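The values are calculated or read from the model by the stated rules, or taken from the named source; none is laboratory data. Computed from a predicted model, the values in this text were never measured in an experiment. Cβ placement follows ideal geometry from the backbone for every residue including glycine, while neighbour counts extend to all protein chains displayed.
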Amino acid sequence: MNIKSFPLILTMSILLIVPPCIYAQHKTIDQRVDSLLSLMTLEEKIGQMNQYSGFWEATGPITEQGNKLEQVRNGQLGSLLNITGYEHTHELQEMALQSRLKIPLLFGQDVIHGYRTQFPIPLAEAASWDLEAIELSARIAAIEAAAAGVHWTFAPMVDIGRDPRWGRVMEGAGEDPYLGSLIAAARVKGFQGKGYGNTDAVMACVKHFAAYGASESGRDYNSVDMSYRMLNEIYLRPYKAAVDAGAATVMNSFNDINGIPATANSYIQRDLLKGQWKFGGFVVSDWGSIGEMINHGYSKDCYQAAQQAITAGSDMDMESRCYIGSLAQLVKDGKADARLVDDAVRRILTKKFEMGLFDDPFKYSNKEREKQQWNNPDNLRASRDMAKKSIVLLKNEKQLLPLDTKKKTIAMIGPLVKAVRDNIGFWSYAWPDDTARIVTQFDGVKNRAGKNITLTYAKGCGISDSSKAGFAQAVKIAKQADIVILSIGEAGNMSGEAKSRSNIHLPGVQEDLVKAVCATGKPVIVLINAGRPLVFNWTADHAQAILYTWWLGTKAGEAIADVLFGDYNPSGKLPMTFPRSEGQIPIYYNHFSTGRPPKSETDVNYVSAYIDLPNSPKFPFGYGLSYTTFKYSEPVLNRSTINASEKLQVKVSITNTGNYDGKETVQLYIRDLVGSVVRPVKQLIGFQQVFLKKGETKEITFNIGVDDLKFYDNNVNLVAEPGDFEVFVGGSSATELKKTFTLL
Ligand code: GLC
């Protein structure tokens, strides 16, 4: 068609009605994007940058949005979240294809730890330190979600969490940058599989960029203020790992960082993410965060907020309406560069092409696939496997655990024994058949205990109320039992978004219930269910056995029974430090020495300590027991010095000295004794999981190179400095098994 012979008006009208297949003739995605961009009006471009939540699920405060369906038909919405399932996704995609250029919608969803099959909350999964299992968990979540028409999950959340008052620690991988980076990469690989665009994969979205977990006082959405050195040294590492693993998208965070809200923060979004890190995907704002810059006092109105956000590299506006409402005017007023709009739209369209949505907008809305994945037994098995690996054994006096199935009476007491949906925690999906599918802790134990065991039950008390009316019945059945299993903790929705707690003790009168039951003198096993570290000192000091069971998902009850009866020897290790008191927070293992480090747990003689608490956490990072015991040899180094091109070999032998086969996570820490900035007393730089039959010994080797010793110096350069180092090996960050070496 030689368009030169047509008068301009006729050409324009043809372009306006011509189906968009003309851009489908190009080969590369870049060419197809260029071609489509050339056809788009400014309003259509901004429509692609606009995202609203769906019709029934709100995961944040709803802004007034007018007629969403009209906006879908007019190409004023590029994406919707909280729309899942064949019916809804198909119907909405049909509407999107009524728009002039027929650009398909992207469907986003918070698939954080499972979709149809709930896996343990991410913090629990982190306690497994099992990267393969964690990747498989994300893989299965992606398969189930993609089968339900989801293109894009708003996960992994990789925010470093050092403050258990913050409810969203449940969503991440804990306090350590090294472990957090490996888990971030594993989750991205799991979600994206062999590549998004395959119908069993979804785009990942690493969040919340950045440093959201450092919100002051553990209060959600609160300010973050720290040196750029600390930001790079600790908080940015897992995001970088996720981007390096190929994360398709990034979500920014609600918090301001050093006075500038993340969504308008050019340093993190343009200089670092899109600049130094060469991130080629797009950035979506977190729910309303662009418009919330008005509340921050950083923007006087949506017009200014849109200008600040697009300038700083926020490509898609979730729910604030500032882009759809103001961006076109900003461009027309010369206040926003149209090239930034084009760059944002290019990034978004590129992902839609890569997802294959222009070739087949309905490829993910597939009734058959959705049905196949709706009750997949393999997925349930994987969830149970992940759950049992996530459980941490904190105490086991006199080998009370594992239980045998000889004749006895077991009393199960506590508000969470028969809880159902609490087991799946926050950021999970409530399906109508949950009561049938979610295995309660009582049913898990009942089904495993067998006919010789009589199981009794009393709730004892509520989770948060102050009534002790149930204590008498609880004490009564405790006295009649041989062993008591107490299941206590938070409610499943007491951690998660907007769930900060100033007091992280066991809620309500639960610790009083523990005291009343322990007073019977019966052996007591305590299961603690929570989405964060809790403070439970009396229980920790008096119960004979304690399992930290987090929130373990659809198969919680079975996984807990697997561990209680020894079908699985617990192997979890804490991904966060457990404080003795809120007064110690923030508390984390990789702290600096200070000029007056305490010389012991009780040293208060002009040292950095509290006069009313021991100088240590209740349980340290990396801690977790087994039903067996492991003995470590002294680490052996193959040399005492290395230069920048050499590797230091660290060998250690571990022997299973107990009565059960078991898995140990051998952890490798260093301490840089003198640096151009102060350096932490310990820093995790490696770990290996080793399975040992009882009596078996294995030798583990670590290799340390100069890259493992690098840190951000005062000029925010990643450097390794010559000097002396200590290297530690052990089963927790409290290990004192060490040797020294020198970097030349
Ligand atoms: C929420 C959360 C974010 C989530 C988004 C969409 O406010 O902060 O993690 O992905 O909104 O639900």
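Quick rundown of the values:
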{"item": "Close pairs from region 81-95: first within 16 Å of the ligand (Cβ to nearest atom) and at pLDDT below 95, partner part of a helix (DSSP H, G or I) and polar (S, T, N, Q), Cβ under 7 Å, at least 6 apart", "result": "Ile83/Thr89"}
{"item": "Count of residues meeting criterion [touching a strand residue (DSSP E or B) at 6+ places or on another chain (Cβ under 6 Å), in a strand (DSSP E or B) and not aliphatic (A, V, I, L, M)] in region 238-257", "result": "2"}
{"item": "In region 252-298, residue nearest to the ligand (Cβ to nearest atom) [restricted to those that are without any contact (Cβ under 8 Å) to a residue 12 or more places away in the chain, on the phi < 0 side of the Ramachandran plot and of a type outside the set (Val, Ile, Thr)]", "result": "Asn295"}
{"item": "Unique match (being within 16 Å of the ligand (Cβ to nearest atom), at pLDDT 95 or above and not in a loop (DSSP other than H, G, I, E, B)) among Arg168, Arg139", "result": "Arg168"}
{"item": "Residue count, region 142-163 (criterion: away from the ligand (no atom under 14 Å from the Cβ) and β-branched (Val, Ile, Thr))", "result": "2"}
{"item": "Lys515 vs. criteria surrounded by fewer than 24 Cβ atoms within 10 Å (Cβ to Cβ) and within 16 Å of the ligand (Cβ to nearest atom)", "result": "no"}
{"item": "Hits in region 299-321 - residues which are under 21 Å from Asp333 (Cβ atoms), within 16 Å of the ligand (Cβ to nearest atom) and part of a loop (DSSP other than H, G, I, E, B)", "result": "Ser314, Asp315, Ser320, Arg321"}
{"item": "Matching residues, region 171-210, being within 16 Å of the ligand (Cβ to nearest atom), in contact with a Gly (Cβ under 7 Å, 6 or more places away or on another chain) and within 19 Å of Leu106 (Cβ to Cβ)", "result": "Val188"}
{"item": "Residue in region 464-475 that is among the small types (Gly, Ala, Ser), crowded, with 23+ Cβ neighbours inside 10 Å and modelled with pLDDT of 95 or more present", "result": "yes"}
{"item": "Meets criteria (at pLDDT 95 or above, assigned to a loop (DSSP other than H, G, I, E, B) and surrounded by fewer than 24 Cβ atoms within 10 Å (Cβ to Cβ)) for Asn232", "result": "no"}
{"item": "Test: residue in region 112-128 that is free of Cβ contacts under 8 Å to residues at least 12 places away in the same chain, of a type outside the set (S, T, N, Q) and assigned to a helix (DSSP H, G or I)", "result": "no"}
{"item": "Which numbered condition Asp562 misses (of (1) out of contact with any Asp or Glu (no Cβ under 8 Å at 6 or more places or on another chain); (2) part of a loop (DSSP other than H, G, I, E, B); (3) closer than 24 Å to Gly489 by Cα)", "result": "(2)"}
{"item": "Residues being of a type in the set (Lys, Arg) and without any contact (Cβ under 8 Å) to a residue 60 or more places away in the chain - total across region 220-251", "result": "1"}
{"item": "Every residue from region 476-501 that is outside any loop (DSSP other than H, G, I, E, B) and exposed (fewer than 15 other Cβ atoms within 10 Å of the Cβ)", "result": "Lys476, Lys479, Gln480"}
{"item": "Qualifying position, being hydroxyl-bearing (Ser, Thr, Tyr), under 30 Å from Thr628 (Cα atoms), in contact (Cβ under 8 Å) with a residue 12 or more places away in the chain and not in a loop (DSSP other than H, G, I, E, B), among Thr701, Thr735, Thr742", "result": "Thr701"}
{"item": "Every residue from region 258-288 that is among the hydrophobic types (A, V, I, L, M, F, W, C) and either surrounded by 24 or more Cβ atoms within 10 Å (Cβ to Cβ) or assigned to a loop (DSSP other than H, G, I, E, B) (or both)", "result": "Ala262, Ala264, Ile268, Leu273, Trp277, Phe279, Phe282, Val283, Val284, Trp287"}
{"item": "From the options Glu664, Glu646, residue that is among the acidic types (Asp, Glu) and outside any strand (DSSP E or B)", "result": "Glu646"}
{"item": "Region 444-468: number of residues that are among the small types (Gly, Ala, Ser) and assigned to a helix (DSSP H, G or I)", "result": "2"}
{"item": "Selection count, region 367-413, where residues are among the small types (Gly, Ala, Ser) and touching a strand residue (DSSP E or B) at 6+ places or on another chain (Cβ under 8 Å)", "result": "2"}
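Let's see how each residue does on (1) closer than 30 Å to Trp152 by Cα; (2) assigned to a helix (DSSP H, G or I); (3) assigned by TED's automatic domain parsing to the domain that holds Gly566:
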site: Pro361; (1), (2), (3): yes, no, no
site: Asn379; (1), (2), (3): yes, yes, no
site: Ser383; (1), (2), (3): yes, yes, no
site: Pro432; (1), (2), (3): yes, no, yes
site: Phe442; (1), (2), (3): no, yes, yes
